[in-house]
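For reference, the structure discussed in these notes is given below.
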Amino acid sequence: MGIIDQAMVIDAERLRAETPGCLDGLVHLNNAGASLMAAPVAQSVTDHLALEQRIGGYEAAARQSHLIDAAYQAAAELVGGKTSEIALLDNATRAWQAVFYAMDWRAGDRVVTGHAEYNSNMIAFRHAADRFGIEVVLAGDTPDGELDPAALEALIDERTRLICVSHMPTNDGLINPVEEIGAIARDRGIPFLLDACQSAGQMPLDVEKIGCTMLSATGRKYLRGPRGTGFLWIQSDWIERLSPHVLDIRSAEWVAVDKYRIAGDATRFELWENNVAGHIGLGAACRYALDIGVEDIWTRIRELSGALREQIDALPDFKVQDHGRQRSGIVTFAHKNLAAETIVPRLRHEWSINTSVSTTQLTRTGLIEQGTTQLVRASVHAYNTHEDINRLVEALTALATGRPDQQDKSTGRSNRMGAERAV
Ligand SMILES: Cc1ncc(COP(=O)(O)O)c(C=O)c1O
């Protein structure tokens with residue numbers, strides 16, 4: 001079976017029918033920013049908010065406690081972990097920080113990471129360097145641009161306390177070789193914190209296979225969950241080895257006037273007050289992805305993003321800027337003369353196509369050296385179609401050649417709207 005046939009396993013029509021944004025003539029290619037929530041997922045959030053409004057927030061949480069439990073179960077299932085290893089939090093950064101700042105950092109400790117590490121993580125490394133005197137070292141890349149596992153291993157010494165890797169960077173189609181890195185981490189007995197913010201919901205994840213010790217994920221991106229949600233997975237053996245940097249009545253129990261007991265499961269990284277409706281929605285989003293089948297989602301994303309890369313590379317003066325042997329649904333590209341900051345708003349306002357400007361910042365040192373600081377990021381999901389891809393390519397051609405969008409005089413809408421609706 002060829003890749004196109006495999007991709008057809010997915011019921012794209014059902015996905016689109018359940019995604020109201022698709023029905024409005026929008027081409028949403030900003031799934032790496034915040035994807036479009038599916039209707040049943042959004043409904044789970046609004047239902048809970050309505051219940052809070054009717055019977056009270058605490059009472060609603062008590063009545064729907066099975067949905068909150070289901071969120072832990074679905075998140076655990078998504079990554080192949082146990083429910084006791086999941087903490088529901090507000091985003092991927094909080095999840096990542098919860099464990100990073102729980103390490104008892106001492107001067108001279110070493111963190112090994114790569115050039116494609118997420119910017120906020122890079123800032124946290126520098127922060128910890130200033131506060132605790134840790135050292136952060138960046139492993140080199142292979143000629144394909146992936147983090148080089150051999151280079152990473154060469155940087156591990158007796159001071160190394162943590163390996164941190166972003167699975168898929170925010171601004172590159174690159175996929176880092178996390179299983180090879182996990183094998184090294186296991187072999188050397190060093191905890192491995194995986195930033196799976198862009199890969200959760202996009203490709204199948206199995207923490208056992210990857211060999212990571214902790215994993216951070218967000219709700220709103222490829223999981224298609226609500227904003228302001230995320231989760232942490234932490235391997236059982238490591239839970240009691242990390243003392244959270246903050247405690248409250250959720251993460252610990254006040255057992256005597258001068259005594260507290262920290263929770264024995266991953267809830268030690270949570271706080272008592274949280275976004276219950278959001279977490280129910282996060283659970284619904286994880287379940288939605290699992291029901292569709294993450295493997296099928298991944299097949300379809302690769303097929304669509306592969307087609308998009310090919311078509312963009314065939315356009316004069318456009319160049320795809322992604323690295324790696326295998327590539328994700330995050331497609332980044334630049335035009336020789338047009339700035340990303342010009343292209344992205346024009347795509348949105350003139351063509352109803354959502355993409356984003358990706359600033360290279362620290363995660364793209366190589367490009368900065370070449371003088372590139374901005375890229376267009378078009379991130380596809382399984383509910384996108386070949387028509388979406390064709391429409392983007394048509395729009396880019398028109399923008400680059402100065403051809404205006406053709407408006408239908410009777411409706412004032414772009415002629416391309418109609419074409420996009422065909423699934
Ligand atoms: C690779 C990566 N890690 C972490 C984050 C941070 O996620 P959040 O905004 O949910 O904290 C992002 C967000 O774009 C990301 O792309």
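Tabulated data
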read-out	value
Boolean, F192 is over 19 Å from the mean Cα position of the chain (by Cα), within 16 Å of the ligand (Cβ to nearest atom) and under 26 Å from S236 (Cα atoms)	no
Any pair with Cβ under 8 angstrom, 6 or more apart, that starts in segment 115-127 at a residue that is among the polar types (S, T, N, Q) and ends at one that is away from the ligand (no atom under 11 Å from the Cβ)	N119/Q361; N119/L362; N121/F100; N121/T113
Tally, over segment 109-125, of residues that are within 13 Å of the ligand (Cβ to nearest atom) and β-branched (V, I, T)	2
Residues within segment 195-243 that are within 9 Å of the ligand (Cβ to nearest atom), closer than 25 Å to G21 by Cβ and of a type in the set (S, T, N, Q), tallied	4
Selection status of I156, in contact with a strand residue (DSSP E or B) (Cβ under 9 Å, 6 or more places away or on another chain), more than 13 Å from the ligand (Cβ to nearest atom) and more than 21 Å from S243 (Cβ to Cβ)	yes
Check on A139, under 30 Å from D322 (Cα atoms), within 16 Å of the ligand (Cβ to nearest atom) and surrounded by 14 or more Cβ atoms within 10 Å (Cβ to Cβ)	no
Any hit, segment 165-178, residues being within 16 Å of the ligand (Cβ to nearest atom), of a type in the set (S, T, Y), outside any loop (DSSP other than H, G, I, E, B) and under 19 Å from the mean Cα position of the chain (by Cα)	yes
R94 within 30 Å of I134 (Cα to Cα) and of a type in the set (K, R)	yes
Yes/no for H245 being under 30 Å from A50 (Cα atoms), at pLDDT 95 or above and not assigned by TED's automatic domain parsing to the domain that holds T19	no
Test for A76: is it surrounded by 15 or more Cβ atoms within 10 Å (Cβ to Cβ) and either within 16 Å of the ligand (Cβ to nearest atom) or of a type in the set (V, I, T) (or both)	no
Residue count for segment 370-397, restricted to those that are in contact (Cβ under 8 Å) with a residue 12 or more places away in the chain, part of a helix (DSSP H, G or I) and farther than 25 Å from R224 by Cα	4
Qualifying residue in segment 334-341 (condition: part of a helix (DSSP H, G or I) and in contact (Cβ under 8 Å) with a residue 12 or more places away in the chain)	yes
From A87, A50, residue being within 16 Å of the ligand (Cβ to nearest atom) and either buried (at least 23 other Cβ atoms within 10 Å of the Cβ) or of a type in the set (A, V, I, L, M) (or both)	A87
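For (1) modelled with pLDDT under 95; (2) in the same structural domain as E310 (by TED's automatic domain parsing); (3) in contact with a Gly (Cβ under 8 Å, 6 or more places away or on another chain), each residue gets a yes or a no:
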site	(1), (2), (3)
H115	yes, no, yes
A128	no, no, no
R131	no, no, no
E135	no, no, yes
G140	no, no, no
E146	no, no, yes
C164	no, no, no
A183	no, no, yes
S199	no, no, no
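The values are calculated or read from the model by the stated rules, or taken from the named source; none is laboratory data. Just so it is clear, the model here is predicted, and its values are computed rather than measured. When we count neighbours, we look across all protein chains shown, and the Cβ atoms used for this are built from the backbone with ideal geometry, even at glycine.
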